[in-house]
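Heads up, the thing below is written out as structure tokens.
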């Protein structure tokens, strides 16, 4: 006799398969250009009057812990850095886009030097420094005078110095420091593999573009933290304290899907020879094949509530850092990945031109659109040539 639970199991398996629909979009230079333009139009329209993006509005029943007002300073800096970087990478030269870039740059110049952690319980400011640094690097690259280049390099060095200040005693960076009840000058929280990778990659990009100085001792300390969080299959556990349970759902390959690209790229650019082309190729392919797992978590209001404890806000993070690792492959191997990723991004674009994955106050559309535009700009440049 067949147990009654079997039909229920079959239904569960079928429904899971259906949730992982294959993104379907026509990918060619025209469709990609049109998608980028729609994303740019959204950001230009969505920009705040003061030049930033996002704000502490559009709350819901369950909101991310955010001590007032400092957490929102950090969220806005991070969202604005991503949105501005997306506009810059788009290459859009329409007058309204250039005006939005100018306003965004002025906001960065005024507000990033003031950014600090909200209180001893959070280090959300790390995201603001890292993504502010991304935007600064791009502003440096388009600067037309030596004076402007010097200005952006000075601001970038300041952001790096602030990131150095907030590196955790265990090595690397995290965003919460509320579990031990201690108030310390240097955070004693839980550095996460992906936050650390985010910072390291922003620092590396800034050094390559501007020649800013990095603290080599701190870089070694931080990369060692990421290595400790790596498992033999190049999954990365969520955070420093997860290394003792590496096969918990969030730490398995599907749970690491949005983290592995970022962590592999960060270690690779800082000289880790174990992150080979084969490793990057494997995880690039795996990302496209298993994108459905990440997609199931999109737009869910409760963090970590779906398969492998995935949160919605993993999605566009993973999309962008896919490009950060894939660009390290030999040039001949990049067009295929660009076409596959572009298909996903085009499929997920919203009717208003934005991209978003998690309802985070009013920051989610700017940050999601910024991530997507940066990723799609890479796809545009690497698409197979006709």
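The values are calculated or read from the model by the stated rules, or taken from the named source; none is laboratory data. Quantities reported herein were computed from a predicted structural model and do not represent experimental measurements. When we count neighbours, we look across all protein chains shown, and the Cβ atoms used for this are built from the backbone with ideal geometry, even at glycine.
I'd like to know if the range 192-200 contains one or more residues that are more than 18 Å from residue 269 (Cβ to Cβ), crowded, with 16+ Cβ neighbours inside 10 Å and in contact (Cβ under 8 Å) with a residue 60 or more places away in the chain.
The answer is no, given that none of the residues of the range 192-200 is more than 18 Å from residue 269 (Cβ to Cβ), crowded, with 16+ Cβ neighbours inside 10 Å and in contact (Cβ under 8 Å) with a residue 60 or more places away in the chain.
Taking residue 50 as meeting all but one of (1) part of a loop (DSSP other than H, G, I, E, B); (2) within 26 Å of residue 289 (Cα to Cα); (3) at pLDDT 95 or above, write down the number of the exception.
(2)
Which residues, counting only those in the range 71-102, are surrounded by 18 or more Cβ atoms within 10 Å (Cβ to Cβ), more than 19 Å from the chain's Cα centre (by Cα) and part of a helix (DSSP H, G or I)?
The first filter runs over the range 71-102 and keeps only residues surrounded by 18 or more Cβ atoms within 10 Å (Cβ to Cβ), leaving 71-90, 92, 97, 100-101.
Add one more test, that the residue is more than 19 Å from the chain's Cα centre (by Cα), and what stays is 92, 97, 100-101.
The answer is 97, 100, 101.
Considering only residues of the range 53-68 that are at pLDDT 95 or above and under 18 Å from the mean Cα position of the chain (by Cα), which is surrounded by the most Cβ atoms within 10 Å (Cβ to Cβ)?
53
Which one of these is loosely packed, with under 14 Cβ neighbours inside 10 Å and part of a helix (DSSP H, G or I): 180, 161? Full working, then the answer.
Values: 180 fails: part of a helix (DSSP H, G or I).
When all the criteria are applied, what remains is 161.
So if I check each of 220, 186, which one is under 18 Å from residue 274 (Cβ atoms) and without any contact (Cβ under 8 Å) to a residue 40 or more places away in the chain? Even if it seems obvious, please write down each step before you answer.
On the way: 186 fails: under 18 Å from residue 274 (Cβ atoms).
Result of the check over 220, 186: 220.
Name, by its number, the condition in (1) surrounded by fewer than 18 Cβ atoms within 10 Å (Cβ to Cβ); (2) in a loop (DSSP other than H, G, I, E, B); (3) in contact with a helix residue (DSSP H, G or I) (Cβ under 7 Å, 6 or more places away or on another chain) that does not hold for residue 335.
Result: residue 335 fails condition (2) only.
Only one of 99, 83, 79, 71 is touching a strand residue (DSSP E or B) at 6+ places or on another chain (Cβ under 9 Å) and modelled with pLDDT of 95 or more. Can you tell me which? Talk me through it step by step, then tell me what you get.
Details: 99 fails: touching a strand residue (DSSP E or B) at 6+ places or on another chain (Cβ under 9 Å); 83 fails: touching a strand residue (DSSP E or B) at 6+ places or on another chain (Cβ under 9 Å); 79 fails: touching a strand residue (DSSP E or B) at 6+ places or on another chain (Cβ under 9 Å).
The conditions single out 71.
Residue check: is residue 370 surrounded by fewer than 21 Cβ atoms within 10 Å (Cβ to Cβ), in contact (Cβ under 8 Å) with a residue 12 or more places away in the chain and in a helix (DSSP H, G or I)? Reasoning before the result, please.
Details: surrounded by fewer than 21 Cβ atoms within 10 Å (Cβ to Cβ): no; in contact (Cβ under 8 Å) with a residue 12 or more places away in the chain: yes; in a helix (DSSP H, G or I): yes.
Criteria not met by residue 370.
Show the residue pairs that are 6+ apart or on different chains and have beta-carbon atoms under 6 Å apart, the first residue being within the range 160-173 and within 21 Å of residue 119 (Cβ to Cβ), the second being modelled with pLDDT under 95 and surrounded by fewer than 19 Cβ atoms within 10 Å (Cβ to Cβ).
So the pair list comes out as 169/186; 169/188.
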